[in-house]
1. I want to verify a result. In a Gaussian network model of the chain, Cα cutoff 10 Å, which of these has the top mean-square fluctuation: Arg124, Arg19, Arg101?
2. Per residue, what accessible area does the chain have, given a 1.4 Å probe and all protein chains present, in Å²?
3. With only alpha-carbon atoms in the gyration tensor, what are the semi-axes of the equivalent ellipsoid for the range 81-162, in Å, largest first?
4. Place a point 7 Å from Cα of Asp160 in the direction of its Cβ. Which residues in the range 110-139 have their backbone N less than 18 Å from it?
5. Here is the link list: Lys61/Lys102; Lys62/Lys116; Lys38/Lys62. Which ones come out longer than 18 Å on Cα distance?
6. Per residue and in cubic angstrom, what volume does the convex hull of the Cα atoms of the chain have?
Amino acid sequence: MKNDLFSHKADSYDKNEKRVENVDNIARAIADTVSLNKGMEILDFGSGTGLLLQRIAPHVKKITAVDVSPSMNDQLLAKAAHIECELETVQMDLTAEALDRKFDGIISSMTMHHIKDIPGILQRFRLLLRPGAFLALADLEPEDGSFHDEDTGIFHLGFDPEEFADLIRNAGFQDVRWNRVSVVQKPQGEYPVFLITAFTGTD
């Protein structure tokens with residue numbers, strides 16, 4: 001996404017109650033599924049305004065927030081003082097640019113359907129993670145295209161969780177599991193959201 005497709009909605013992004021409720025559910029599920037600790041340095045992929053990382057921050061040492069949208073990054077930076085861990089923001093397209101460091105985990109909420117090459121980004125995730133690190137990705141189950149009311153760079157109408165799990169295994173991850181953790185209620189329907197977790201090997 002070369003253009004900032006979220007510039008017109010960044011200011012109001014956190015005011016959507018259904019969006020906040022969904023992220024609450026996702027964050028709670030991550031904390032319940034992954035053993036977070038105060039020594040961890042993790043990456044939030046597609047961090048947006050920081051809704052997810054705000055909720056994970058009290059449990060870890062540092063979060064590196066990666067997002068391609070300048071307007072979303074600006075919103076996150078405006079509330080950086082209230083983030084309960086060390087925070088670094090990186091504006092970049094991780095699908096096309098390399099980040100030369102290692103993390104103890106990667107989290108992401110509702111970003112993967114904006115990524116064209118899923119196997120490619122999963123391979124990049126694998127390279128960014130230390131031995132024994134975790135991956136925790138939340139996104140939509142298959143939907144009919146009605147979830148978004150505008151085109152903000154949509155490449156996938158949700159994912160079949162089992163097929164997504166196979167892609168993660170093919171990228172070299174282990175102990176891949178998923179659960180439905182939230183349902184987004186909209187006037188046009190209900191949209192289930194799954195969380196899928198996986199781990200790198202320890203050798």
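The values are calculated or read from the model by the stated rules, or taken from the named source; none is laboratory data. Everything numeric here is computed off the predicted structure, so don't read it as measured data. As a convention, Cβ positions derive from the backbone with ideal geometry for all residues, glycine included, and neighbour counts pool all protein chains shown. For accessibility, only protein heavy atoms count, side chains too; no ligands or nucleic acids. Shrake-Rupley method; radii C 1.70, N 1.55, O 1.52, S 1.80 Å.
1. Of Arg124, Arg19, Arg101, the Gaussian network model singles out Arg101 as fluctuating most.
2. Accessible area per residue, the chain: 48 Å².
3. On the way: eigenvalues 121, 52, 37 Å².
They are 25, 16, 14 Å, listed largest first.
4. Once the point is set 7 Å along Cα→Cβ of Asp160, 113, 118-119, 139 turn out to lie under 18 Å by backbone N, inside the range 110-139.
5. On the way: Lys61/Lys102 14 Å; Lys62/Lys116 28 Å; Lys38/Lys62 8 Å.
Long pairs (Cα-Cα over 18 Å): Lys62/Lys116.
6. On the way: hull volume 21.9 nm³, N = 203.
Here the figure is 108 Å³ per residue.
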